[in-house]
Amino acid sequence: MKRDNPAGHFIFAFVIALLGYALVYHLIENRRTRKGPWQVTFTNNPAGTLAIIINQPVLSISNVQIQFPGGVITNQQSPITLLFNQPKPVPYDVPFGKCVFMDTTFQPGTLTFQLFGHEIELLPRVLVLDRQEHAWKAGEIVALNVLSPTNASLHPATK
């Protein structure tokens, strides 16, 4: 009579669990990243006006431009394109201001910037400018007047 080897059973169960974990991890990671990150380019247009250009190809969001007439920055090496695919502790500096919120758990996720006294939030469903929702429109150009940090919360954005 042959005795069962308990080590063999444990090893077999461990291998099955490891294969199951690898499969589930791959499926979740694929679902999390399949739409890709936000692509934000910090640049200036031909007239010299500072602008950000927002793209998210899978959601058909392309060349949405937010301009900042009167915006001035120093040491800009234009253009700079950032892909927001890896989370970072917030707030952190971006070329025209700060990123104050970032959730890229399921891409593209949510980004919130504070740029020239304005709050700009990128959501897959909608663009939020100073807490007012705007539908995404490919190629749209929005101008936001530059506000000083002291009066930014007192005056709504001009579009």
Practice task
For the range 60-77, indicate whether the set of residues that are open to solvent by 20 Å² or more (accessible area, probe 1.4 Å) and over 21 Å from residue 43 (Cβ atoms) is non-empty.
Solution key: yes
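Can you tell me which residue among 108, 124 is in contact with a Phe, Trp or Tyr (Cβ under 8 Å, 6 or more places away or on another chain), part of a loop (DSSP other than H, G, I, E, B), at pLDDT 90 or above and closer than 19 Å to residue 36 by Cα?
On the way: 124 fails: in contact with a Phe, Trp or Tyr (Cβ under 8 Å, 6 or more places away or on another chain).
Testing whether each residue is in contact with a Phe, Trp or Tyr (Cβ under 8 Å, 6 or more places away or on another chain), part of a loop (DSSP other than H, G, I, E, B), at pLDDT 90 or above and closer than 19 Å to residue 36 by Cα leaves just 108.
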Problem - Checking residue 114 against (1) surrounded by 18 or more Cβ atoms within 10 Å (Cβ to Cβ); (2) modelled with pLDDT under 90; (3) out of contact with any Phe, Trp or Tyr (no Cβ under 8 Å at 6 or more places or on another chain); (4) not hydroxyl-bearing (Ser, Thr, Tyr), the condition it does not meet - result: (2)
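Looking only at the range 92-105, count every residue that is assigned to a loop (DSSP other than H, G, I, E, B), farther than 19 Å from residue 142 by Cα and open to solvent by 10 Å² or more (accessible area, probe 1.4 Å) and tell me the total. Give the steps one after another, and end with the answer.
The initial filter retains those residues of the range 92-105 that are assigned to a loop (DSSP other than H, G, I, E, B), namely 95-96, 104-105.
Those still in the list that are farther than 19 Å from residue 142 by Cα too: 104-105.
Filter once more, keeping what is open to solvent by 10 Å² or more (accessible area, probe 1.4 Å): 105.
Count: 1.
How many residues are open to solvent by 50 Å² or more (accessible area, probe 1.4 Å), not in a strand (DSSP E or B) and not basic (Lys, Arg) when one looks only at the range 127-138? I'd like the intermediate steps shown before the answer.
We begin by selecting, within the range 127-138, every residue open to solvent by 50 Å² or more (accessible area, probe 1.4 Å); these are 131-133, 135, 137-138.
Those left that are additionally not in a strand (DSSP E or B): 131, 135, 137-138.
Still in the running and not basic (Lys, Arg): 135, 138.
Summing the residues that are open to solvent by 50 Å² or more (accessible area, probe 1.4 Å), not in a strand (DSSP E or B) and not basic (Lys, Arg) in the range 127-138 gives 2.
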Handout entry: Enumeration of residues in the range 22-52 that are part of a loop (DSSP other than H, G, I, E, B) and either of a type outside the set (Gly, Ala, Ser) or open to solvent by less than 20 Å² (accessible area, probe 1.4 Å) (or both)
Key = 34, 35, 36, 37, 45, 46, 49
Exercise for the section: Find all pairs meeting these conditions: Cβ atoms under 9 angstrom apart; at least six residues apart or on different chains; first residue within the range 120-148 and among the aromatic types (Phe, Trp, Tyr); second residue outside any loop (DSSP other than H, G, I, E, B) and open to solvent by 40 Å² or more (accessible area, probe 1.4 Å). Expected result: 136/59
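The values are calculated or read from the model by the stated rules, or taken from the named source; none is laboratory data. Computed from a prediction, not measured in an experiment: that's the story for all the values here. A quick note on method: Cβ atoms are made from the backbone with ideal geometry, for glycine too, and the neighbour counts reach across all protein chains shown. With ligands, DNA and RNA removed, areas are computed over all heavy atoms of the protein, side chains included. Shrake-Rupley method; radii C 1.70, N 1.55, O 1.52, S 1.80 Å.
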